[in-house]
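These notes are about the structure you will find just below.
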């Protein structure tokens, strides 16, 4: 006992001596911060984190404004709501024609009912005002590209306006063009007709029609004039201005960089629990999570195939038109089949279901999937999907997953190693670290909801 006590004392004294010299402590390897990412600063965000307040105010209204949908019945906020952590809580969104919000949203009724589920999970909007996010959407179809006239590569090609301020604004140009998401079906309204005809920017085009709706609302005209130097009257308003305002609001309101992890990076070594600190070193160390979820926002902004189950109707790919080939549909490169963009993990515990198809309703199960993706795919429990039921939609939800050949194709594209082994306590530590990525300011977003809309349309879903 005496020898053991002396050994403990010697160990502690040696540790204290090393610390006093400012050296790394080999006895406590978890205190080695050499691989730690740099803390986020204001300079990492658009306008150094301080955008035009008038633009933010306008963008806040427009984010919730149903005038921007063909049938005036849905807004950006419907699928990215302040009450559902900038997502919608569903595996796949239920877009234009549905009723309700979040997990109580239904599929609508009669001729106004939804025609299909939106094919991919509604991604959260946290931190997308950070400059390093230059690629958006699960398949990266909107991306910064200086060779393009607009400065962005997108499905609109040369029709994309040239006065978009950043990629987040470029992204805001597209949900309004989708029949399933916001435009409605051809024959229902002139906006939907323009979308069906592919007329976005021409005479009578979709974006011009939406701008016309805003030009006749005096309160919005006044806000546009205050927010933009190049707007002096209603006739100067374009939908690109609206997209710039929406992006300004999203970037400012949903910046999330005050988590325990952020405070730890800024020098507060007590901000994370001991378990979270162990998870941190596992994440950026031997667990290998940071090979894809790298950097301060836990994403390499690249595309990877990890054998995720496909849920829902797909994006029209494949012989049957019910598959989702991911990045391949954008790049045209067969090597990109089933690859999807690495998501940021900030506020990840708030933003389920997880995966590009919303396949996992448990974050722990999502983490465990990474340890043996092919086996996880083969044994996937379909009961965890969060979707309102409707017979004709239900039959499509697992059509690909239940097809053994299509499921095998997804499995064969997997890039992650099989049978990666982590101890149960390591999983516990990783989960504690993921919890530590939550900014307390993101937990209650009710104050980001406007009291009313200048169009007079209802805020309620």
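The values are calculated or read from the model by the stated rules, or taken from the named source; none is laboratory data. These numbers come from a predicted model, not from an experiment. Heads up, the Cβs are rebuilt from the backbone with ideal geometry, glycines too, and the neighbour counts pull from every protein chain shown.
Look at (1) free of Cβ contacts under 8 Å to residues at least 60 places away in the same chain; (2) farther than 16 Å from residue 36 by Cβ; (3) in a loop (DSSP other than H, G, I, E, B) and you find that residue 335 fails only one, number (3).
The number of residues in the range 139-159 being over 20 Å from residue 123 (Cα atoms), buried (at least 18 other Cβ atoms within 10 Å of the Cβ) and in contact (Cβ under 8 Å) with a residue 40 or more places away in the chain comes to 1. The set of residues in the range 191-204 that are surrounded by 13 or more Cβ atoms within 10 Å (Cβ to Cβ) and either on the phi < 0 side of the Ramachandran plot or not assigned by TED's automatic domain parsing to the domain that holds residue 179 (or both) comprises 191, 192, 193, 194, 195, 196, 197, 199, 200, 201, 202.
On the given criteria, is residue 307 outside the structural domain of residue 63 (by TED's automatic domain parsing), surrounded by fewer than 19 Cβ atoms within 10 Å (Cβ to Cβ) and in contact (Cβ under 8 Å) with a residue 24 or more places away in the chain? Considered against the rule, which asks whether it is outside the structural domain of residue 63 (by TED's automatic domain parsing), surrounded by fewer than 19 Cβ atoms within 10 Å (Cβ to Cβ) and in contact (Cβ under 8 Å) with a residue 24 or more places away in the chain, residue 307 comes out as no. If you check 233, 259 for being in contact (Cβ under 8 Å) with a residue 12 or more places away in the chain, over 30 Å from residue 406 (Cα atoms) and surrounded by fewer than 21 Cβ atoms within 10 Å (Cβ to Cβ), only one passes: 233.
Answer yes if at least one residue in the range 172-185 is surrounded by fewer than 17 Cβ atoms within 10 Å (Cβ to Cβ) and not in a loop (DSSP other than H, G, I, E, B), and no otherwise. So far as the range 172-185 goes, no, none of its residues is surrounded by fewer than 17 Cβ atoms within 10 Å (Cβ to Cβ) and not in a loop (DSSP other than H, G, I, E, B). Residue check: is residue 409 assigned to a helix (DSSP H, G or I) and more than 22 Å from residue 280 (Cβ to Cβ)? For residue 409, the condition - assigned to a helix (DSSP H, G or I) and more than 22 Å from residue 280 (Cβ to Cβ) - is met.
Every residue in the range 362-385 that is in a loop (DSSP other than H, G, I, E, B) and surrounded by fewer than 19 Cβ atoms within 10 Å (Cβ to Cβ), please. Scanning the range 362-385 gives 362, 371, 379, 381.
Regarding residue 444, is this residue surrounded by 13 or more Cβ atoms within 10 Å (Cβ to Cβ) and within 23 Å of the chain's Cα centre (by Cα)? Judged against the criteria, residue 444 is not a match. For residue 256, the criteria (1) part of a helix (DSSP H, G or I); (2) closer than 15 Å to residue 130 by Cα hold in every case but one, which is (1). When residue 315 is tested against (1) part of a loop (DSSP other than H, G, I, E, B); (2) out of contact with any helix residue (DSSP H, G or I) (no Cβ under 8 Å at 6 or more places or on another chain); (3) closer than 22 Å to residue 142 by Cα, only condition (2) is not met. Taken over the range 266-281, residues that are outside any loop (DSSP other than H, G, I, E, B), touching a residue at least 40 places away in the same chain (Cβ under 8 Å) and surrounded by fewer than 21 Cβ atoms within 10 Å (Cβ to Cβ) amount to 3. Is one or more of the residues making up the range 365-385 farther than 23 Å from residue 416 by Cα, touching a residue at least 60 places away in the same chain (Cβ under 8 Å) and under 23 Å from the mean Cα position of the chain (by Cα)? There is at least one residue in the range 365-385 that is farther than 23 Å from residue 416 by Cα, touching a residue at least 60 places away in the same chain (Cβ under 8 Å) and under 23 Å from the mean Cα position of the chain (by Cα). The C-beta contact set for the range 401-414 (first residue over 21 Å from residue 385 (Cβ atoms), second residue not in a helix (DSSP H, G or I), distance under 7 angstrom, 6+ apart or interchain) comprises 413/305; 413/337; 413/338. You will find that of 87, 100, 111, the residue that is farther than 29 Å from residue 46 by Cβ, at pLDDT 95 or above and either out of contact with any strand residue (DSSP E or B) (no Cβ under 8 Å at 6 or more places or on another chain) or not assigned by TED's automatic domain parsing to the domain that holds residue 309 (or both) is 100 and no other.
When we screen 396, 437 for residues that are touching a helix residue (DSSP H, G or I) at 6+ places or on another chain (Cβ under 8 Å) and either surrounded by 19 or more Cβ atoms within 10 Å (Cβ to Cβ) or part of a helix (DSSP H, G or I) (or both), the only hit is 437.
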